[in-house]
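Encoded as C-alpha cells, the structure appears first; notes follow it.
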Amino acid sequence: MKKYSYVGISFVILIFGIIFIPRIVNRIKNTSIVKNDRMSASNPIANEKLSYIKINGKPRKVPEFAFLNQDSILITNHDYKGKVYVAEFFFTSCPTICPKMSRNLVYLQNELKEYKDFGVASFTINPKFDTPRRLKRYAENYKVTDPDWHFLTGDREDIYDLANAGFNIYAAENPDVPGGFEHNGHFALIDQEGYVRSRYDASGNPIIYYRGTIGVDEKVDENGEEEQITILLEDIKKLLKKDE
C-alpha cells in the first residue's frame, strides 16, 4: 500500500508541475505580480489618494454648526463651502498644548498664503471665558491674517457635542488638569464638500486626524511621536490643487 501511495503522490506533483509552473514563470516574466501588488486599488499608499473617514460605512461629513467668530459675526459650516480647512478645539487660557497648536496653524497659514481657499476653524471649549473680544485679542497675538480663520464661540453644549460626537475629538471640563479643561491636540482636515479626509499610514489605514502638538522643527516629541504638520501641509495642497 505504501508503494501505491508514493506513486499517487508523485503523479499529483507531476501534473501540478506540468499545468501550473509554466503559468507562474510566465507571470513573473511579465512582472504582473509586482505590478498588480504595487498598483492595486486596495493599496492607497501607491496611488496617494486621501481617505474619506467613514462611520458605519458612510463618509463622515462635518455636522451643521453656527457660532460667533472673533468679530462677532455668525459663522456656519456653509461659510467653509468650497474651501479646504483645518478644524481644532482649543481654549485661549490653555497653559499646555494650545500654544503649540496655534503656532503650528500659523505656520500652515503662512505656508498657504498664496491659496485663497484655505481656512481654519478654531472652536473654543471654554466659551464662558472666551468671548469674541478675547478671541480677537488671541488672534492678534498670534498674528492671524487669514480672513477664513475663524475663532468660534457659542453655546457650551453645542460645542462639546460638535467635538465629541461630530468629530470624535475628545474635549471635556476637568478641574484636576492644568487650565481646567482637557482635550487631545488633533487637527481635522476638511475638504471642499465638508468631508473629513486624511492620508493613509504605512499599513494602509487612514490616520484619521493629524497631530497638532509637535512642530516642524521639533521632528519628534518626548514620547517619540513624529510631527505631522509637514504631511498635513502636503495633504492640504493636494485638496487645494484639485480645483486648479
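The values are calculated or read from the model by the stated rules, or taken from the named source; none is laboratory data. These figures come from a predicted structure and were not determined experimentally. FYI the Cβ positions are ideal-geometry reconstructions off the backbone, even for glycines, and counts take in every protein chain you see. Side chains included, ligands, DNA and RNA excluded: accessible areas come from the protein's heavy atoms. Shrake-Rupley method; radii C 1.70, N 1.55, O 1.52, S 1.80 Å.
Scanning region 203-223 for residues that are open to solvent by less than 20 Å² (accessible area, probe 1.4 Å) and more than 20 Å from Tyr80 (Cα to Cα) yields a total of 3. Of a type outside the set (Asp, Glu), in contact with a Leu (Cβ under 6 Å, 6 or more places away or on another chain), open to solvent by 20 Å² or more (accessible area, probe 1.4 Å) and more than 29 Å from Lys58 (Cβ to Cβ), is that true of Pro132? Considered against the rule, which asks whether it is of a type outside the set (Asp, Glu), in contact with a Leu (Cβ under 6 Å, 6 or more places away or on another chain), open to solvent by 20 Å² or more (accessible area, probe 1.4 Å) and more than 29 Å from Lys58 (Cβ to Cβ), Pro132 comes out as yes. Asp235 falls short on exactly one of the conditions (1) modelled with pLDDT of 95 or more; (2) open to solvent by 30 Å² or more (accessible area, probe 1.4 Å); (3) of a type in the set (D, E, K, R), and that condition is (2).
Here's a check for you: in region 144-169, which residue that is out of contact with any His (no Cβ under 9 Å at 6 or more places or on another chain) and hydrophobic (A, V, I, L, M, F, W, C) is most open to solvent (accessible area, probe 1.4 Å)? Out of the qualifying residues, it is Ala165. Summed over region 169-190, the residues that are out of contact with any helix residue (DSSP H, G or I) (no Cβ under 8 Å at 6 or more places or on another chain) and without any contact (Cβ under 8 Å) to a residue 12 or more places away in the chain give a count of 3.
Out of curiosity, is Ala165 of a type outside the set (D, E, K, R), within 19 Å of the chain's Cα centre (by Cα) and over 15 Å from Leu189 (Cβ atoms)? Taking the combined requirement at face value, the residue satisfies it. Residue-level analysis places Asn104 outside the set of residues that are in a loop (DSSP other than H, G, I, E, B) and buried (at least 18 other Cβ atoms within 10 Å of the Cβ). Within region 181-202, the set of residues being open to solvent by less than 20 Å² (accessible area, probe 1.4 Å) and either in a strand (DSSP E or B) or β-branched (Val, Ile, Thr) (or both) comprises Phe187, Ala188, Leu189, Ile190, Val196, Arg197, Ser198.
Specify the residue that is farthest from Thr76 (Cα to Cα); the eligible residues are those in region 170-180 that are in a strand (DSSP E or B) and open to solvent by less than 30 Å² (accessible area, probe 1.4 Å). Per the stated criteria, the residue is Ala172.
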